[in-house]
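Student: Got a structure here, written out as structure tokens. Questions coming.
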Amino acid sequence: MSIRNKRAIADLESKLDIVSDPIGRAEILSELSELLLKTNPDRSIAFCREAVALVQAKISDDSFDNTQHEQAFKQVNSLLTNVPNTILYQTGGGVEFITSNVEKVLGYTTEEITEDRNFFPKIIHDDDKERTFKVHREWSDYGSKGYYENEFRVKRKDGVYIWLLDRMRVEFTLPDGRRSFVGAMNDITKKKLK
């Protein structure tokens, strides 16, 4: 990482200590996320998720007007759709969400993926399905503690297979025991084919 980027990150982190407005904080977190994307993708995704949470909290505030809502939504959506080769998602517990850049990475629309809970398992490569389901089942049987992490191939809409690294964790558990998961999938095809 360049000295200039390190300084920019330090400056933004010090701004976070003094900015209390949720939208201002979301803007700073978005900038941090973009700067860290290549050197620390996990931290970048964490900043991105925090920015989304701040905007969602502010949106639910009664004093939040539509102009602020629209501006905040555009900022966060722009950040999420421009994170290259990374798909952020939430699934289960009555929530189905996936960033629109899934279309750039996989060729499928958000609707194609979120309307059918069984869609994604169908595009996992046959040679990876059993292992992928086993790893997920073991993590779930263990109580879904920590992070689930797995590498597997999926079939893009154009028929080409790519490798994804999927990392997820439990976001919340409903009283009936159903869980909602949040995660990030990164296209690691270039790394796997080296």
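The values are calculated or read from the model by the stated rules, or taken from the named source; none is laboratory data. Quantities reported herein were computed from a predicted structural model and do not represent experimental measurements. Glycine gets a Cβ as well: all are built from the backbone with ideal geometry, and neighbour counts include every protein chain shown. Just the protein is used for accessible areas: all its heavy atoms, side chains included, with ligands, DNA and RNA removed. Shrake-Rupley method; radii C 1.70, N 1.55, O 1.52, S 1.80 Å.
Student: Across region 82-104, what is the total count of residues that are open to solvent by 30 Å² or more (accessible area, probe 1.4 Å) and not β-branched (Val, Ile, Thr)?
Tutor: The total comes to 10.
Student: Scan region 151-192 for residues that are aliphatic (A, V, I, L, M) and in contact with a strand residue (DSSP E or B) (Cβ under 8 Å, 6 or more places away or on another chain) and jot them down.
Tutor: Of region 151-192, the ones aliphatic (A, V, I, L, M) are 154, 160, 162, 164-165, 168, 170, 174, 182, 184-185, 188.
Matches in region 151-192: Val154, Ile162, Leu164, Leu165, Met168, Val170, Leu174, Val182, Ala184, Met185, Ile188.
Student: While we're here: Which numbered condition in (1) hydrophobic (A, V, I, L, M, F, W, C); (2) closer than 14 Å to Ile87 by Cβ; (3) touching a helix residue (DSSP H, G or I) at 6+ places or on another chain (Cβ under 9 Å) is the only one that Val105 fails?
Tutor: Condition not satisfied by Val105: (3).
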